[in-house]
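Colleague: Quick one: this structure, given as structure tokens, is what I'll be asking you about.
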Amino acid sequence: MDKNLDYWIDQAIVFGTTYGLKVIAAIAIWIVGSWVIKKIARGATKIMENRDYELSLQKFLINLINALLKILLVITLLGTLGVPTTQFAAIIAAAGLAIGLALQGSLGNFAGGILLMIFKPIKIGDFIEAQGQSGTVKEIQIFTTKLNTTDNKEVIIPNGALSNGNIVNYSVEDTRRVDFTFGVGYDSDIKKTKEVLFGVINSHPLVLKDPATAVNVSELADSSINFFTRAWVKKEDYWTVKFDVIEQTKEALDAAGIDIPYPHQVEIHKEG
């Protein structure tokens, strides 16, 4: 028994001598590393809050930072304990490559979502046109963006395509230009027609005085003289002015006796 006891005592001394310091070092690295990770996460959160990042993006990035730093911490601990980490790191890299290839489209949408949230070419409430769709931005998620169309349909656009394509944002500027094209007959007086068009547009209470309204002859078409008209309005008044001016212009041209040409059908009657 004494010999067995001496043997186990010797083994414990050898183990403690060999691994004791490594275990203590690993514990110390874990404590310090965990504290550093928390500090980094808090600092990153403050930076994103100051830059007004979307809340969903903040949470995702913080979770991602925590996961990556903890993986790095575990690899460091294994190395401290003498565990070969080269193969372990290679396995992680291979798994990451396989996952990346399998989720290539999703990763593209994820990257696009991050770009949209960081650079903010659009925000919730903006009326945009993108990827052949137009509508009000309802929600910007990590992988997709939701639009609400004018006829109350929900359109979901992948963020990868959205971030890499053209985006027309109608809500960025405070004012918009309303363009009209009106055609009148060749017998119409150009000066009088301009006076009628100016009168209709400038009398509308929602049309801005600056920039000034413009009315110009834009084309001598096959059956009409076309006038190109431009007026500036506040962005929220765009459709109201557009519809009002079209209706009021028709009434004003009729009242002034100015003809608006349209195709006529001529019936030919044969005798006998």
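Nothing in this text is a laboratory measurement; each read-out follows from the coordinates by a stated rule. Keep in mind that what you see is a predicted model, and the values were worked out from it rather than measured. Positions of Cβ are generated from backbone atoms using ideal geometry, with glycine treated the same way; all protein chains shown enter the neighbour counts.
Colleague: Assuming R0 = 30 Å, what is the FRET efficiency of Asp222 and Phe243, from their Cβ-Cβ distance, to the nearest 0.05?
Modeller: Efficiency for this residue pair is about 0.60.
Colleague: Taking segment 112-198, which GluC sites (Glu not before Pro) meet the DSSP loop condition and have no more than 16 other C-beta atoms within 10 Å?
Modeller: Counting only loop positions with at most 16 other Cβ atoms within 10 Å, the GluC sites (Glu not before Pro) in segment 112-198 are Glu173.
Colleague: Give the residue list of trypsin sites (Lys or Arg not before Pro) in segment 131-163 that are DSSP loop and have at most 13 other beta-carbon atoms within 10 angstrom. Could the numbers behind the result be given before it?
Modeller: Numbers: sites: Lys138, Lys146, Lys153; in loops: Lys153.
Here the sparse-neighbourhood loop sites are Lys153.
Colleague: With the cut-off at 1.5 for a/c, could you classify segment 175-255 from its C-alpha gyration tensor as rounded, prolate or oblate?
Modeller: Prolate.
Colleague: Right, here's the next one. Among 253-263, 118-128, how do they line up from the highest to the lowest mean number of other beta-carbon atoms within 10 Å? Numbers along the way, then the final one.
Modeller: Values: 253-263: 12.6, 118-128: 15.1.
For the peptides 253-263, 118-128, the packing ranking is 118-128, 253-263.
Colleague: Find how much the distance from Thr45 to Lys194 grows on full extension, using 0.36 nm per residue of separation minus their present alpha carbon separation; answer in nm with one decimal.
Modeller: Contour length minus Cα-Cα distance gives 47.7 nm.
Colleague: According to a simple spin-label model (label point 7 Å from Cα along Cα-to-Cβ), what is the distance in nm between Glu173 and Asp52?
Modeller: For the pair Asp52/Glu173, the computed spacing is 2.1 nm.
Colleague: Mind checking the alpha-carbon convex hull of segment 119-169 and giving the volume per residue in Å³?
Modeller: With only Cα atoms used, segment 119-169 gives 67 Å³ per residue.
Colleague: Another question about this same structure. Just tell me which lysines come within less than 28 Å, Cα to Cα, of Lys209; anything on the same chain fewer than 8 places away is out.
Modeller: Lys191, Lys192, Lys194, Lys234, Lys235, Lys242, Lys250
Colleague: Ok, one more. Just to be sure I understand the model, the point goes 7 Å from the Cα along the line to the Cβ. What's the resulting Glu251 to Asp210 distance in nm?
Modeller: About 3.1 nm, to one decimal.
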